[in-house]
Amino acid sequence: RAEADPLRPRFHFVSPAGWLNDPNGVSQWNGSYHLFYQYNPEGAFHHRIQWGHATSTDLVTWTDQPVALEPSAGQDAEGCWSGVLVNDGGTPTLVYSGRLEGRELPCVAVGSPDLLTWTKDAANPVIAAPPAGVDITAYRDHCVWREGTKWRQLVGSGISGRGGTAFLYESADLRTWDYIGPLFIGDASQGDPADTDWTGTMWECVDLFRAGQGSLGSATSDGSPDVLVFSAWNDGDTHHPLYWTGRYAGDSFEPAALHRLDYGGRFFYAPQSFQDESGRRVMFGWMQEGRSDAAMVEAGWSGVMSLPRTVTAAEDGTLRFAPVPEIEKLRRDHVGLSGPVLSGLLEPLDTGVSGKQLDIELELELEPGGLVRLGVLGSVGGGTSSPAEETVIELYRAADGGNNGTLRLDRTRSSLDPAVDADDKSGPVPMPGGRVHLRVILDRSAVEIFANGIALTARVYPTLGGDHVSLAAEGPAQVQSLDAWTMAGIFDGARSLFP
Ligand code: DQQ
């Protein structure tokens, strides 16, 4: 049934079967890239989670490897939850959350030199309990790094009545950990759980790194910020990735400013990053579904891994994202329009581009009050010229907006299915002089948008199979150029579900 599922992405990594969520242990080891992920091959629901594993030489095509970790008698009997891969003096070592009786504790496993066979430590869990005397909301997920002669670890958590936090530990051997204290504590009483920048009652999947030259804990030569990425979580359905810029020093983190990491919120969840052998920071995130649990089970699959994206710091210290350039090797059949292609108050232009697997780049120039609208996955229906379904990406520069504008994804007409998520997604984008480089990567139900390096990731579920691409400009706005490519699939046809 899923063989020909038109919504299943073709050039994003998806699991061979069933359910996928967080990226885990993302890394490059002796040249090869490794992507582990939260996996349930039994069906498209979150249960008895294993670590799926795939490898790549180019971050584009992936080879499935045997499952790396599976629940077994002991601390991870109910699931092997999220974690990381570190190089322990040449020994590949996973630090992950083992789940038992509804609680998670830190566990360790060591790998064979090819990273295909993993042996759990007999002493698991390696931390027997969360810090004593603290009323915690949860305790799981790991960020582990080398600092001097010691290992350091953060475990995501939250303190009841206060907010999210990450507990800091230190170890000489990854097996015995000394508790240092909370890195710092967020304030969940500020704002509303519905706010897109609300900091949550618990921080999932914390990821601390230096966004530029140098390593954590060292002096900065170029002022690059330290960044603490976390996924803000609460008991309800508020989930979104955020980051603090600031300075990690000694045993604490001095936060400077809080930012949204991706305007798609929960559609780019639980991101994890690593520095590859060329020194780039590369991040993956989980593009979760926007449809009901029943619809996922019916489809037979759930969850898409984002394309790997590079992470860099802009001059103001905030992060910028771009798909790794390797992805461009999937580009076929270039269509280029240059110009200007379009300016001001025009009927939508039929770009001559069509498809459900596309990479589109646009150069825009927006005067104050100008707006550009790109429609994808459009289907013309009912004898009118207005598409019955269409996913719309807008860039708008307010009359008094200065050098800032707004990126918006309008999914209200993305799908005729009333049950799928259609929330508006939007946020501010710096646009010096009104110029915007817009990149839209479309892979059937997966959409990744980058506007001057600001990311907005989401899912859409068109029912009519439309593949029309249109462009419109309103007010003082120009599209200077458009380049589009069809993207080749990375699987042999559609990814078969139950091989
Ligand atoms: N998913 C994992 C947890 C993590 C959550 C379980 C984030 O370890 O906190 O599958 O999506």
Quiz item: Under a point spin-label approximation (7 Å from Cα along Cα-to-Cβ), what is the Asp316-Ile180 distance to one decimal in nm?
Solution: 3.0
Quiz item: Gln65's amide H: which non-local residues (gap 5+, or another chain) put their own amide H closer than 5 Å, with H modeled 1.01 Å from N in plane and none for Pro or chain starts?
Solution: His53, Ala54, Thr55
Quiz prompt | Local electrostatic count, Pro182, Cβ distance below 12 Å [Lys/Arg +1, Asp/Glu -1] | solution = 0
Quiz prompt | Amide proton proximity set for Phe11, modelled H, under 5 Å, gap of 5+ | solution = Ile490
Quiz prompt | For the chain: relative contact order, % (alpha-carbon pairs under 8 angstrom, 6 or more apart) | solution = 15
Quiz item: Which whole-angstrom value gives the distance between the alpha carbon centres of region 358-382 and region 284-339?
Solution: 18
Quiz item: On the first, second and third principal axes, largest extent first, how far apart are the outermost C-alpha atoms of region 330-487 in Å?
Solution: 39, 33, 33
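Estimate the FRET efficiency between Ala249 and Ser278 by the formula 1/(1 + (r/R0)^6), using the beta-carbon distance for r and 30 Å for R0, to the nearest 0.05.
Numbers: r = 27 Å, r/R0 = 0.91.
It comes to 0.65.
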Exercise. Could you work out the relative contact order of region 365-499, using alpha carbon pairs under 8 angstrom and six or more residues apart, expressed as a whole percent?
Key: 29
Quiz item: Taking neighbour counts of Cβ atoms within 10 Å as a proxy for exposure, in what order, fewest first, do Arg444, Arg99, Arg413 appear?
Solution: Arg413, Arg99, Arg444
Quiz item: How do Trp145, Trp233 rank when sorted from fewest to most other Cβ atoms within 10 Å of their own Cβ?
Solution: Trp145, Trp233
Self-check item: FRET efficiency for Asp237 and His437, using Cβ-Cβ distance with R0 set to 45 Å, rounded to 0.05
Solution: 0.85
Exercise. Provide the convex hull volume over Cα atoms per residue for the chain, in Å³.
Key: 144
Practice problem: Grab the Cα-Cα distance for Glu298 and Val110, subtract it from 0.36 nm times how many residues apart they are, and report the gain in nm with one decimal. | Solution: 64.0 nm
Quiz item: Can you list the trypsin sites (Lys or Arg not before Pro) in region 1-67 that are in a DSSP coil and have 11 or fewer other beta carbons within 10 angstrom?
Solution: Arg1
Exercise. Note down the relative contact order for region 295-359 as a percent, whole number, built from C-alpha pairs under 8 angstrom at least six residues apart.
Key: 19
Quiz item: Please identify the GluC sites (Glu not before Pro) of region 1-108 that satisfy two criteria: DSSP loop assignment and at most 14 other Cβ atoms within 10 Å. Which are they?
Solution: Glu42, Glu101
Quiz item: In nm, to one decimal, how far is the Val380 label point from the Glu474 one, both placed 7 Å along Cα→Cβ?
Solution: 2.2
Quiz item: Which aspartates and glutamates have a Cα less than 13 Å from the Cα of Lys329, not counting those fewer than 8 places away in the same chain?
Solution: Asp58, Asp359
Practice problem: For an R0 of 22 angstrom, estimate the FRET efficiency from the Cβ-Cβ distance between Gln213 and Asn30 and round to the nearest 0.05. | Solution: 0.35
Quiz item: Which whole-Hz ³J(HN,Hα) couplings does region 262-270 yield from phi under the Karplus relation 6.51 cos²θ - 1.76 cosθ + 1.60, θ = phi - 60°, glycine and proline marked x?
Solution: 8, 6, x, x, 5, 7, 9, 9, 6
Self-check item: Computed label-point distance, nm, for sites Asp195 and Ala256 using a 7 Å Cα→Cβ extension
Solution: 2.2
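We did not get these values from a lab; they are worked out from the coordinates using the rules stated. Predicted model only: the values in this text are computed from it and were never measured. With ideal geometry, Cβ positions are generated from the backbone for all residues, glycine too; neighbour counts draw on all protein chains shown.
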